[in-house]
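Asker: Once you've had a glance at the structure underneath, I'll fire off some questions.
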Amino acid sequence: MKPLRILKIASLAMALTLVTACSHHRKAVKETPTEAPKTALEKQEFLQKVSDNAQHARFITSKVKFSVEVGNQQLTLTGNLKMKRDDVIRLQLMAFGFVEAGRLEFTKEYVLIMDRINKQYLKVPYAQLDFLRNSGLDFYSLQALFWNELFQPGRQKMTDEALKSYTTDMGDDENAVIAIENGKLSYRWLAEKQTARVKMANILYKDKFRGNYQLNWDYEDFQAFSRKMFPTNHQVAFSTPDKQVKLGMILNYLGNDEDWETRTEVSSKYRQVTVDEILRRFMSL
């Protein structure tokens with residue numbers, strides 16, 4: 001397969017999986033082990049500790065090594081991740097290490113997918129992307145997945161009152177399962193009992209006619225950042241009834257760079273394509 005076509009596939013795969021001067025901070029963070037809770041009150045306190053592990057940083061930026069697997073096709077490339085709390089998530093995919101080949105941008109209003117090689121783009125609201133709509137995923141839910149946090153579907157913020165609607169199964173091993181149901185949707189988080197740290201998020205959309213859709217997001221290799229711990233290894237798998245896409249993001253040089261434009265202006269030289277065109281290309285891989 002030609003390199004430029006593979007880069008285009010990588011940009012598309014990243015989008016459909018979610019359809020997720022730098023200063024290096026590595027200050028020591030002292031974590032207090034959490035006793036495995038037994039009573040309902042202790043479980044609620046554990047949930048609060050999981051929620052309190054959320055980052056307080058306004059910006060998170062990093063160099064990223066991407067891996068993409070679609071069927072028997074695999075690709076590794078580099079790029080950048082730039083996020084501003086409650087505003088934007090941006091992924092830039094690079095060709096040859098220095099030429100931007102693709103860009104994914106998530107804001108509160110829209111999803112932007114840019115193919116810089118062929119000068120094409122897609123800019124649509126979340127409701128026009130089936131998986132995001134069916135899964136109840138909006139900007140704030142995606143932000144929580146990227147930022148390694150619990151979230152309340154359909155809400156901007158996780159509140160103490162909202163935590164009462166979640167169940168916690170402590171099980172017999174080192175992890176606890178946090179869950180909430182919403183019709184056809186099931187949301188699960190796996191949290192480590194000792195640290196109250198989220199290690200995995202799972203969203204399952206059940207459709208008895210078309211089959212199930214599932215998003216699984218694993219977090220590994222936590223490092224100290226902005227007085228909290230942040231995962232530098234993100235492994236994402238998106239499954240449909242007939243296809244699976246796997247993505248890996250290895251973050252290097254975590255920082256809080258603020259010197260970048262938070263919105264992408266699309267040149268008039270670019271041609272806008274439809275959701276159907278994007279889907280046809282993806283399903284023909």
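Asker: Being out of contact with any Ser or Thr (no Cβ under 7 Å at 6 or more places or on another chain) and open to solvent by less than 10 Å² (accessible area, probe 1.4 Å) is the filter here; which residues of the stretch 187-214 pass it?
Answerer: TYR187, TRP189, ALA191, VAL198, ALA201
Asker: Please return the ranges of strands (runs of 3 or more DSSP E) entirely within the stretch 142-245 where 3 or more residues are of a type in the set (D, E, K, R).
Answerer: Where strands (runs of 3 or more DSSP E) fall fully within the stretch 142-245 and carry at least 3 residues being of a type in the set (D, E, K, R), they are 213-225.
Asker: OK, next. In the stretch 86-107, what residues are more than 15 Å from PHE146 (Cβ to Cβ), assigned to a strand (DSSP E or B) and touching a strand residue (DSSP E or B) at 6+ places or on another chain (Cβ under 8 Å)?
Answerer: Initial filter on the stretch 86-107 (more than 15 Å from PHE146 (Cβ to Cβ)): 93-103.
Filter once more, keeping what is assigned to a strand (DSSP E or B): 93-95, 99-103.
Residues satisfying the conditions are LEU93, MET94, ALA95, GLU100, ALA101, GLY102, ARG103.
Asker: Do you know which of the residues in the stretch 215-248 that are of a type in the set (D, E, K, R) and farther than 26 Å from GLU181 by Cα is least open to solvent (accessible area, probe 1.4 Å)?
Answerer: The residue in question is LYS228.
Asker: Can you find, within the stretch 108-130, the residue that is farthest from the chain's Cα centre (by Cα) among those that are buried (at least 18 other Cβ atoms within 10 Å of the Cβ) and outside any strand (DSSP E or B)?
Answerer: Residue satisfying both the conditions and the ranking: ARG116.
Asker: Further question: Within the stretch 131-141, which residues are assigned to a loop (DSSP other than H, G, I, E, B) and open to solvent by 10 Å² or more (accessible area, probe 1.4 Å)?
Answerer: Of everything in the stretch 131-141, those that are assigned to a loop (DSSP other than H, G, I, E, B) and open to solvent by 10 Å² or more (accessible area, probe 1.4 Å) turn out to be GLY136, ASP138.
Asker: It is to be established whether one or more residues within the stretch 149-157 are of a type in the set (A, V, I, L, M, F, W, C), open to solvent by less than 30 Å² (accessible area, probe 1.4 Å) and under 25 Å from ALA57 (Cβ atoms).
Answerer: Yes, the conditions are met somewhere in the stretch 149-157.
Asker: Let me ask you something else. Scan the stretch 249-262 and give yes if some residue there is hydrophobic (A, V, I, L, M, F, W, C), open to solvent by 20 Å² or more (accessible area, probe 1.4 Å), touching a helix residue (DSSP H, G or I) at 6+ places or on another chain (Cβ under 7 Å) and part of a loop (DSSP other than H, G, I, E, B), otherwise no. If you could, list the steps in order and put the result at the bottom.
Answerer: Initial filter on the stretch 249-262 (hydrophobic (A, V, I, L, M, F, W, C)): 249-251, 254, 260.
Subsequent filtering for residues that are open to solvent by 20 Å² or more (accessible area, probe 1.4 Å) retains 250, 260.
Filter once more, so that each one left must be touching a helix residue (DSSP H, G or I) at 6+ places or on another chain (Cβ under 7 Å): none.
Within the stretch 249-262, not a single residue is hydrophobic (A, V, I, L, M, F, W, C), open to solvent by 20 Å² or more (accessible area, probe 1.4 Å), touching a helix residue (DSSP H, G or I) at 6+ places or on another chain (Cβ under 7 Å) and part of a loop (DSSP other than H, G, I, E, B).
Matching residues to (1) modelled with pLDDT of 90 or more; (2) of a type outside the set (Val, Ile, Thr); (3) more than 22 Å from LEU132 (Cβ to Cβ):
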| position | (1), (2), (3) |
| --- | --- |
| LYS157 | no, yes, no |
| ALA162 | no, yes, no |
| GLY171 | no, yes, yes |
| ASN182 | no, yes, no |
| TYR187 | yes, yes, no |
| ALA196 | yes, yes, yes |
| ILE203 | yes, no, no |
| ASN216 | yes, yes, no |
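Asker: Another question, then. Give the residue that is surrounded by the fewest Cβ atoms within 10 Å (Cβ to Cβ), with candidates limited to residues of the stretch 92-107 that are in contact with a helix residue (DSSP H, G or I) (Cβ under 7 Å, 6 or more places away or on another chain) and at pLDDT below 95.
Answerer: Per the stated criteria, the residue is ALA95.
Asker: Acidic (Asp, Glu) and surrounded by fewer than 16 Cβ atoms within 10 Å (Cβ to Cβ) - does that describe any residue in the stretch 64-78?
Answerer: no
Asker: Identify, by number, the condition in (1) at pLDDT 50 or above; (2) open to solvent by 10 Å² or more (accessible area, probe 1.4 Å); (3) within 30 Å of ASP173 (Cβ to Cβ); (4) among the aliphatic types (A, V, I, L, M) that ALA28 doesn't meet.
Answerer: (1)
The values are calculated or read from the model by the stated rules, or taken from the named source; none is laboratory data. Just so it is clear, the model here is predicted, and its values are computed rather than measured. Ideal geometry is used to build each Cβ from the backbone, glycine not excepted, and the neighbour counts take in all protein chains shown. Side chains are part of the model used for accessible areas, which takes the heavy atoms of the whole protein and leaves out ligands, DNA and RNA. Shrake-Rupley method; radii C 1.70, N 1.55, O 1.52, S 1.80 Å.
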